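See below for the structure under consideration.
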Amino acid sequence: MYLHPEFETLSRSEIKDLQLKRLKDTVRHCMNSPFYRQRFADNNLTPEDICSLEDLQKIPFTTKQDLRDTYPFGMAAVPLEKCTRLHSSSGTTGNPTVILHTEKDLQEWAKAVARCLYMVGLRPNDVFQNTSGYGMFTGGLGFQYGAEHLGMLTVPAAAGNTKRQLKFITDFGTTAIHAIPSYAARLHEVMESMGIDPARDTKLKTLVIGAEPHSEAQRKRIEEMLGVKAYNSFGMSEMCGPGVAFECTEQNGLHIWEDYYIVEIINPDTLEPVPDGEVGELVLTTLNREAMPLLRYRTRDLTRILPGECPCGRKHVRLDRMKGRSDDMIILKGVNIFPIQIETVLLQFPELATDYLITLETVDSNDEMTIEVELNQLFTDDYARLQSLTRDITRVIKDEILVTPRVKLLPKGSLPQSEGKAVRVRDLRKPY
Ligand code: ADP
Ligand code: ZN
């Protein structure tokens, strides 16, 4: 049941002991990084000041901006000739960011991903098809190496070309797929149009969905559509990629591997730790990275630590499903709204499909929200029915977010499809 029982069955106190040992090693190792050497000097800190897990609080946070400022190699804690892989983010705002890996980093990353996949029941006799984009997007190579490490026959199908994707699924007897949630829905749509019944025509049983925020309602839809169990997978390039936190078969929160990371949840405004169980920004410290260790990295992802123990027996804490990034939060008419709240309401309506787009615009100097959402069935001509459905959706959304949106129902397939992560919000508001 455990791929790495030596780590997965640790008690809380054993986890803490291991973390302290690894934290001290990491901090010492960070002194090989020009960035951290300077950071520590500027704050009159030395590695000897970190004697307990509580001492972590003495170290300043590391931010995405720090990664940009040190672009490309200023964070590295090993000479470049020891590095064997580089991943980089797109960098739509300012410099891109670079993450370096040594051979050992890549092995550890593959092990972490394999551990996750094993945890949800995948074994070497499974056939694993990865529908992520390959290249810089870490969901490609990250799952590839992890699935291979587990010993599965791994199909690097990559993103797009859904018909070919489906041919692979049926011809190769694919049992498990990794897909971003928006693409899982797309797969089903094309299956339907081609007359493929997942239960009758495929061997699919497991789906790994991650890389973008999605609601519990979305997961349930995907499970029903494809007749699979879908497990939430969380990761980010700065922490290697996938393999950071993953649901176990309980499907109730994502175990974060505390032999790899120290978890903190902070209030993003005050930067103080939030009380146990409250939502805040996830802050991670890497514990076994060679090329680019990160201390107290502010992920900007909002979540909380679930209280209580998981029935699966693992003591590694569980993160709640991500609420989104702090920068995904919409502020409209003074109200804070997360797209995921809107998604949760929309998916309560069986008439609606899973694709939607939220547009914010300034109309006559008022900020307005329009929600376009696709209908599940073909567009009906029953105008009265559509009108009453629109009214119902509008009312339930208003109850949830306290703002009245304009709701537009569209025929299935009318919203633009993105190859990568789904675009859920367009902000066209005029700045004041
Ligand atoms: P980019 O920063 O360009 O989006 P990454 O692949 O590094 O590229 O994205 C990581 C981010 O994706 C995370 O910080 C988080 O916001 C989001 N993410 C990843 N997995 C999940 C998940 N399971 N649920 C919600 N959000 C996720
Ligand atoms: Zn569990």
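Here are the numbers:
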read-out: Residue selected from the range 313-345 under the condition touching a strand residue (DSSP E or B) at 6+ places or on another chain (Cβ under 8 Å) and within 16 Å of ligand 2 (Cβ to nearest atom), by the criterion farthest from LEU284 (Cα to Cα); value: ARG314
read-out: Residues satisfying the stated conditions in the range 1-21, i.e. touching a residue at least 40 places away in the same chain (Cβ under 8 Å) and surrounded by 15 or more Cβ atoms within 10 Å (Cβ to Cβ); value: LEU3, HIS4, PHE7, GLU8, LEU10, ILE15, LEU18, GLN19
read-out: Whichever residue in the range 31-70 is open to solvent by 20 Å² or more (accessible area, probe 1.4 Å) and in contact with a strand residue (DSSP E or B) (Cβ under 6 Å, 6 or more places away or on another chain) and, among such residues, is farthest from SER237 (Cα to Cα); value: PHE61
read-out: Filter result (touching a Leu at 6+ places or on another chain (Cβ under 7 Å) and not in a helix (DSSP H, G or I)) within the range 157-184; value: THR174, THR175, ALA176, ILE177, ALA179
read-out: Tally of residues being within 16 Å of ligand 1 (Cβ to nearest atom) and assigned to a loop (DSSP other than H, G, I, E, B) across the range 301-310; value: 2
read-out: Subset of the range 283-300 (residues that are buried (at least 20 other Cβ atoms within 10 Å of the Cβ), in contact with a Lys or Arg (Cβ under 6 Å, 6 or more places away or on another chain) and part of a strand (DSSP E or B)); value: VAL283, THR285
read-out: Candidate set: the range 301-310, residues that are within 18 Å of the chain's Cα centre (by Cα) and within 14 Å of ligand 2 (Cβ to nearest atom); chosen: the one surrounded by the most Cβ atoms within 10 Å (Cβ to Cβ); value: ILE305
read-out: Scope the range 266-282; condition open to solvent by 20 Å² or more (accessible area, probe 1.4 Å) and either hydroxyl-bearing (Ser, Thr, Tyr) or under 22 Å from LYS24 (Cα atoms) (or both); matching residues; value: THR270, PRO273
read-out: Residue identified as of a type in the set (Lys, Arg), within 16 Å of ligand 2 (Cβ to nearest atom) and either outside any helix (DSSP H, G or I) or more than 18 Å from GLU290 (Cα to Cα) (or both) among ARG85, ARG115, ARG68, ARG123; value: ARG115
read-out: VAL263 being over 15 Å from ALA185 (Cα atoms), touching a Leu at 6+ places or on another chain (Cβ under 8 Å) and within 16 Å of ligand 2 (Cβ to nearest atom); value: yes
read-out: Residue ID - nearest to MET136 (Cα to Cα), chosen from residues in the range 412-432 that are out of contact with any strand residue (DSSP E or B) (no Cβ under 9 Å at 6 or more places or on another chain) and open to solvent by less than 90 Å² (accessible area, probe 1.4 Å); value: GLY420
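The values are calculated or read from the model by the stated rules, or taken from the named source; none is laboratory data. In this text, all values refer to a predicted model and were calculated from it rather than measured experimentally. All Cβ positions, glycine included, derive from the backbone under ideal geometry; neighbour counts span all protein chains shown. Heavy atoms of the whole protein, side chains included, go into the accessibility calculation; ligands, DNA and RNA do not. Shrake-Rupley method; radii C 1.70, N 1.55, O 1.52, S 1.80 Å.
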